[in-house]
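Enquirer: Structure incoming, see below.
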There are 2 protein chains.
Amino acid sequence: MSISDNGGTRLDPWYGSYAARAHEMRASEIRALFAVASRPEVVSLAGGMPYIGGLPLEEIGEMMKRLVVEQGEVALQYGSGQGDEGLRERILDVMALEGISAHPDDVVVTTGSQQALDLVTNIFIDPGDVIVAEAPSYVGALGVFRAREATVVHAPMDADGLIPSELDATLTRLKGEGRRVKFLYTVPNFHNPAGVTLSLERRPQVLEICRRHGVLVLEDNPYGLLGFDREPMPALRSMDEEGVIYLGSFSKTFAPGFRVGWAVAPHAVREKLVLASEAAILSPSNASQLAIRSYLDHHDWQGQIKSFREQYRERRDATISALQEHIPEATWNVPDGGFYVWVKLPEGLDAKSMLPRAITARVAYVAGSAFYIDGSGTDHMRLSFCYPTPDRIREGVRRLATVVDAELETVRIFGTSGTGGTDTVDFPAPDLN
Amino acid sequence: MSISDNGGTRLDPWYGSYAARAHEMRASEIRALFAVASRPEVVSLAGGMPYIGGLPLEEIGEMMKRLVVEQGEVALQYGSGQGDEGLRERILDVMALEGISAHPDDVVVTTGSQQALDLVTNIFIDPGDVIVAEAPSYVGALGVFRAREATVVHAPMDADGLIPSELDATLTRLKGEGRRVKFLYTVPNFHNPAGVTLSLERRPQVLEICRRHGVLVLEDNPYGLLGFDREPMPALRSMDEEGVIYLGSFSKTFAPGFRVGWAVAPHAVREKLVLASEAAILSPSNASQLAIRSYLDHHDWQGQIKSFREQYRERRDATISALQEHIPEATWNVPDGGFYVWVKLPEGLDAKSMLPRAITARVAYVAGSAFYIDGSGTDHMRLSFCYPTPDRIREGVRRLATVVDAELETVRIFGTSGTGGTDTVDFPAPDLN
């Protein structure tokens, strides 16, 4: 068989050789826009990049030096597939702040919590299996679920997070249709993108419903310690050890550049996660793991989180007051933690078709459609307030307002705002996390 | 559906929820042995851990400090899914030593080359597709191929590497059987575990055969720059840009603790690899990537490789002379680079069943069966000479000789050496890479 017999094209001689799933992998048009959006003159309200400038870089640099000089033969070597035991012990201290009691053996260290998402999906999902996820859901999770050929069914939220009665009805309906639901994917705290938090009252209700339907809960919790006004809520995992896989991350409470996250899972599941991780990457980076461990050992990490909370609260406030001043026609939630404001545009506007015009006006956001598996949600946009300074945020929202005003004018004259978006769902891009 | 209706057991309530592939993921009995083998009193000739003690840790520590202090806002932040552009440019300099000419756009940085293996397998393999791999093959590759539900067919090697006529016959036979061969997996230089190198004469022959059969070549080359006696051979990728995906790694030429490897692929394939990598990990670690880039920029990395080559040659010599002295009944190749000696045991001995007795005698190796998809190869063992000092290597081989002698005595008396091994193929463990 020659290459051309093999279904090759002049553009891609291996086109005929891909796995079925790979044909679904396409770079979206939004990706090209983001290359433009990352230029310094554009105010990016799009990415979920934390404010690294708030870290004590001099101290961290000194720490990295000591780490390599004193423990280099471990830090620069291969490590265990499950992750460094000392770090796994420190991770217990972090999770204790949300009421989780676990053993270091229950923890699997991963290359960011994105890898944990991939591993869980890997071990549970056969093509066509159903994952129930909030509407909307984190774009990077939808990307993994799609790459692993899952069917995603959304369940609705309100200001208190996932609605238990609706979740129950969704699971009952799917069961009636003979569908195999493998897990519920939920971001209970300071949701990405919706900004809401699952209320304390609803937490045991969600767990009871999932238990009753035999559905595992995948609790993704990168933002739980970043509340602005109160102590963290107890994690779902703190209420149910056997029914929940918990995912944590140092990307938002310390720094994403080390790519260190983790999963906590029931014993037998944890064992499979380790085997799947070894197939995927052999072992997580010892250099990164020991850096995080050293940071937790020798720095006031809780003080740093407190400082981040204050910085992000100030940025949240800047975002909300700028919205009130410049785009009063829109509606939004006021998140009490995390990175995101979820904005509903005025009637008739389409966030996806408006995006190129926004970037021309030197401001970027993520259109709501990225957070729905079916491309709905174009009436929403996600504004991230984590990265730009308050002044830049105000300038960004002001620019955004000029675009919204022009769109509204177009709608008033022509009855539609433009070309309309496509239904493509993006693969997760690092800028979208 | 309750959890117990769901097929759960008291040991694993989620047993009924796993994906089909996850049921194949089991920790082997060898894993438990390796926990014992990592004790300091055991001489490990098992792991492929490089000799990190040979690195200038003080200088690298100082470099890490400067990196965080001067470029912390980049090093500690999320990066691009494809990897840092500056590092991708430096990677071209590394590959130029093996005659590869490429563009930074062709390179995808991965979390060790293990992740590159996983990504390539992800985008090309539907369950049941065939991968042709050398007999024997790297255990970590077999682990990925199995986790991705590929069928592996081995093709034989001799002292000059893969045998072209046998490869051609294998591909022809598979075609006749209507099997879909997606790629050839090959480690052309200082093979793991066989220690052999594909001769210069055979390289274009292998490429021509694969091209004729429409089969992609996956060239895995972690050891290419670690030859003891001569300059590197030209890479397969240097002879064929469209037909080869090349995998490289800094784990053996610098340090594995950063987990940085890379893939070079034809344009359209490279694009899918990036999308698959973003789904799996969002982006590789900026801290690790910038550390490698800084190392390549500011250190005599080629001098360091030369120093590694000398150290590993000395260890190879220690291994071979100890084998000659202590286990003359066995046969082996004399590798002219890399990390491994592939030893054929005397008639009647089984490396797998002998392993527990070897560990009791405080020496560890990897049984040959780990490197075959069907568990054959129990008459071989892999001895790694990369990690222990020459004195420790001699002591390890001496201990091994006592076990071999006792086994031979048993065979002489009873006609068999023991219990026999099982057919389980291991998942890759970090200690086995």
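Enquirer: In the list A:GLU231, A:GLU278, which residue meets the criterion of being of a type outside the set (Ser, Thr, Tyr) and farther than 26 Å from A:HIS298 by Cα?
Expert: Result: A:GLU278 is the single residue among A:GLU231, A:GLU278 that is of a type outside the set (Ser, Thr, Tyr) and farther than 26 Å from A:HIS298 by Cα.
Enquirer: Looking at segment A:415-422, can you tell me whether even one residue there is over 26 Å from B:GLY81 (Cα atoms), out of contact with any Pro (no Cβ under 7 Å at 6 or more places or on another chain), surrounded by fewer than 17 Cβ atoms within 10 Å (Cβ to Cβ) and at pLDDT 90 or above? Lay out the reasoning, then the answer.
Expert: To start, the set of residues in segment A:415-422 that are over 26 Å from B:GLY81 (Cα atoms) comprises A:415-420.
Those left that are additionally out of contact with any Pro (no Cβ under 7 Å at 6 or more places or on another chain): A:415-420.
If we keep only those that are surrounded by fewer than 17 Cβ atoms within 10 Å (Cβ to Cβ) too, we end up with A:415-416, A:418-420.
Within this subset, residues satisfying the condition of being at pLDDT 90 or above are none.
Checked segment A:415-422: no residue is over 26 Å from B:GLY81 (Cα atoms), out of contact with any Pro (no Cβ under 7 Å at 6 or more places or on another chain), surrounded by fewer than 17 Cβ atoms within 10 Å (Cβ to Cβ) and at pLDDT 90 or above.
Enquirer: Inspect segment A:300-307 for any residue being buried (at least 19 other Cβ atoms within 10 Å of the Cβ) and either of a type in the set (Lys, Arg) or touching a strand residue (DSSP E or B) at 6+ places or on another chain (Cβ under 8 Å) (or both) and give the result as yes or no.
Expert: No.
Enquirer: Additional query: If you go through segment A:271-291 one residue at a time, do you hit one that is surrounded by fewer than 20 Cβ atoms within 10 Å (Cβ to Cβ) and among the aliphatic types (A, V, I, L, M)?
Expert: Scanning segment A:271-291 turns up no residue that is surrounded by fewer than 20 Cβ atoms within 10 Å (Cβ to Cβ) and among the aliphatic types (A, V, I, L, M).
Enquirer: Let me ask something additional. Please report, ordered by residue number, the helices (runs of 4 or more DSSP H) entirely within segment A:49-124 with at least 2 residues that are of a type in the set (Val, Ile, Thr), at the interface with chain B (Cβ under 10 Å from one of its Cβ atoms) and more than 24 Å from B:GLY79 (Cα to Cα).
Expert: Counting at least 2 such residues, we get A:57-75.
Enquirer: Name the single residue, out of those in segment B:216-238 being farther than 17 Å from B:ILE125 by Cα and without any contact (Cβ under 8 Å) to a residue 60 or more places away in the chain, that is surrounded by the most Cβ atoms within 10 Å (Cβ to Cβ).
Expert: So, considering only residues that are farther than 17 Å from B:ILE125 by Cα and without any contact (Cβ under 8 Å) to a residue 60 or more places away in the chain, the one surrounded by the most Cβ atoms within 10 Å (Cβ to Cβ) is B:LEU236.
Enquirer: Could we say that A:ASP168 is charged (D, E, K, R), within 27 Å of B:GLU24 (Cβ to Cβ) and not in a strand (DSSP E or B) here?
Expert: Working: charged (D, E, K, R): yes; within 27 Å of B:GLU24 (Cβ to Cβ): no; not in a strand (DSSP E or B): yes.
Answer is no for this residue.
Enquirer: Go through the residues of segment A:376-385 one by one and say whether even a single one is in a helix (DSSP H, G or I), at pLDDT 95 or above and more than 30 Å from A:HIS23 (Cα to Cα).
Expert: Within segment A:376-385, not a single residue is in a helix (DSSP H, G or I), at pLDDT 95 or above and more than 30 Å from A:HIS23 (Cα to Cα).
Enquirer: Let me ask something else about it. Could you check A:PRO136 against (1) at the interface with chain B (Cβ under 10 Å from one of its Cβ atoms); (2) over 27 Å from B:TYR15 (Cα atoms) and say which number it fails?
Expert: (1)
Enquirer: Here is a further query. Pick out the one residue from A:ARG146, A:ARG211, A:ARG202 that is in contact with a Gly (Cβ under 8 Å, 6 or more places away or on another chain) and farther than 21 Å from A:ASN333 by Cα.
Expert: A:ARG211
Enquirer: Sticking with this one: Could you grab me the full set of residues in segment B:188-210 that are touching a helix residue (DSSP H, G or I) at 6+ places or on another chain (Cβ under 9 Å), free of Cβ contacts under 8 Å to residues at least 40 places away in the same chain and closer than 21 Å to B:TYR340 by Cα?
Expert: Scanning segment B:188-210 gives a single hit, B:LEU198.
Enquirer: Within segment A:139-165, how many residues are closer than 24 Å to A:GLU208 by Cβ, away from every other protein chain (no Cβ under 11 Å) and either aliphatic (A, V, I, L, M) or not in a helix (DSSP H, G or I) (or both)?
Expert: 12
Enquirer: What are the residue pairs meeting all of these: first residue in segment A:14-25, first residue acidic (Asp, Glu), second residue part of a helix (DSSP H, G or I), Cβ atoms under 7 Å, and 6 or more apart or on different chains?
Expert: As it stands, the answer is A:GLU24/A:ARG146, since those pairs meet every condition given.
Enquirer: Looking only at segment A:22-44, filter to residues that are surrounded by 18 or more Cβ atoms within 10 Å (Cβ to Cβ) and facing chain B (nearest Cβ under 9 Å); which one of those is modelled with the highest pLDDT?
Expert: Residue satisfying both the conditions and the ranking: A:ALA22.
Enquirer: So if I check each of B:VAL132, B:VAL187, B:VAL153, which one is within 15 Å of the chain's Cα centre (by Cα), closer than 28 Å to B:TYR365 by Cα and among the β-branched types (Val, Ile, Thr)?
Expert: Exactly one residue qualifies, and that residue is B:VAL187.
Enquirer: Could I ask something else about it? Those residues that are in contact (Cβ under 8 Å) with a residue 60 or more places away in the chain, among the hydrophobic types (A, V, I, L, M, F, W, C) and in a helix (DSSP H, G or I), I need them from segment B:302-350; list them, please.
Expert: Within segment B:302-350, B:ILE305, B:PHE308, B:ALA318, B:ALA322, B:LEU323 qualify.
Enquirer: Continuing with this model, one more query. Within segment A:352-368, how many residues turn out to be more than 18 Å from A:SER38 (Cα to Cα) and at pLDDT 95 or above?
Expert: Within segment A:352-368, residues that are more than 18 Å from A:SER38 (Cα to Cα) and at pLDDT 95 or above number 1.
Enquirer: Same structure, new question: Residues in segment B:178-195 that are surrounded by fewer than 24 Cβ atoms within 10 Å (Cβ to Cβ) and either away from chain A (no Cβ under 14 Å) or in a loop (DSSP other than H, G, I, E, B) (or both): how many?
Expert: So the count comes out to 3.
The values are calculated or read from the model by the stated rules, or taken from the named source; none is laboratory data. Since we're looking at a predicted model, the values are computed, not measured. Neighbour counts are summed over all protein chains in view; Cβ atoms, including those assigned to glycine, are modelled from backbone coordinates with ideal geometry.
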